[in-house]
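Structure first, then comments.
The values are calculated or read from the model by the stated rules, or taken from the named source; none is laboratory data. Note that the structure is a prediction, hence the values are computed from the model and not measured. Here the Cβ is made from the backbone with ideal geometry for all residues, glycine too, and neighbour counts use every protein chain on show. Calculation scope for accessible area: heavy atoms of the full protein, side chains included, ligands and nucleic acids excluded. Shrake-Rupley method; radii C 1.70, N 1.55, O 1.52, S 1.80 Å.
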Amino acid sequence: MTASTSRRQRLRQATLEEIHAAARKLLVEQGSAAVTVNAVARQVGMSGPALYHYYAGHDELVGAVTADFFRELAAAMEQARDARDDAPLGDRILAACRAMRAWATAHPAEFGWIFASPVAPPDRRPDSARHQAALRFERILLDLVVELWRTRPFPVPDPAGLPASLREQLAAYSAAIGGRLPPEAAHVFLSCWIRLYGLLCMEVLHQLDFAYTDMAPVFDECLRDLAAALDLDRSGPPDA
């Protein structure tokens, strides 16, 4: 690599970071509809056509910025998990969950962008930056629950008691994650994830403002339910 090539790459990376920062600023201050190619280009002092030298179109730009948000959220959860590396596994699971809420409530626009925006076809490719960043995020809790299952299996339902359609879907998901959790254990994991993610979405999108002004105790109750479902070896309520 020549010095001029390296310099061009540094300049390109700096411009990409400026583009992403501009898209984020528009998102936070004006909403997702404001994040257009032309609006982002104006923010960084270039023309709309010039921005196409960096991204093929709006979908590609959205995918790249979304990947940034996923990486930031994942990093926050990983940091919280690793800060409790010597703690019981249950503490690490709950620490990651709390970190997820902390990031989501501190960055509601970005959280909404991640989880409410449709996924463009290019971002569905396994090799896309958005897909890879999303997998990193998704694997944080999955890896912890797999570790828990391998060291101390938690209670699971009798598969025979589940509807046939649900059994088929759980079997498919179990296969998709390489059989790391059997279908009945995957059912417990997914039920916990749905409860956690659903509550966070409702909080960030202000769907529970009619009843609650402080969601912290509601989230703590959710964590207690999660701890019970996974049979975590903890005593007392989770820390706020």
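Computed from label points 7 Å out along Cα-Cβ, the spacing between Glu168 and Arg71 is 4.0 nm. Surface exposure of the chain, expressed per residue as accessible area with a 1.4 Å probe, stands at 53 Å². Among the chymotrypsin sites (Phe, Trp or Tyr not before Pro) in segment 23-120, those located in a DSSP loop and surrounded by at most 15 other Cβ atoms within 10 Å of their own Cβ are Tyr52. Each Lys and Arg Cβ is given +1 and each Asp and Glu Cβ -1; about its Cα centre, segment 125-233 then shows a dipole of about 520 debye.
About its Cα centre, segment 24-136 has a charge dipole of approximately 140 debye under the convention of +1 per Lys or Arg Cβ and -1 per Asp or Glu Cβ, with nothing else charged. Rounded to 0.05, the FRET efficiency of the Ser6 and Asp158 pair, given R0 = 51 Å and the Cβ-Cβ distance, is 0.25. The modelled label-to-label distance for the pair Asp225/Ala33, using points 7 Å beyond Cα in the direction of Cβ, is 3.4 nm. In segment 66-229, the C-alpha radius of gyration followed by the widest Cα-Cα span (Dmax) gives 16.3, 43 angstrom. Label separation (Gln13 vs Arg125): 2.2 nm, computed from points 7 Å beyond Cα along the C-beta direction. Membrane-span-like helices in the chain (whole DSSP H runs, Cα extent of at least 24 Å along the helix axis, mean Kyte-Doolittle hydropathy of at least 0.5): 183-204.
Calculated [222 nm] ellipticity per residue, helices only, for the chain: -23000 deg cm²/dmol; basis is -39500 (n - 2.57) per DSSP H run with n ≥ 4, divided by all residues, nearest 500.
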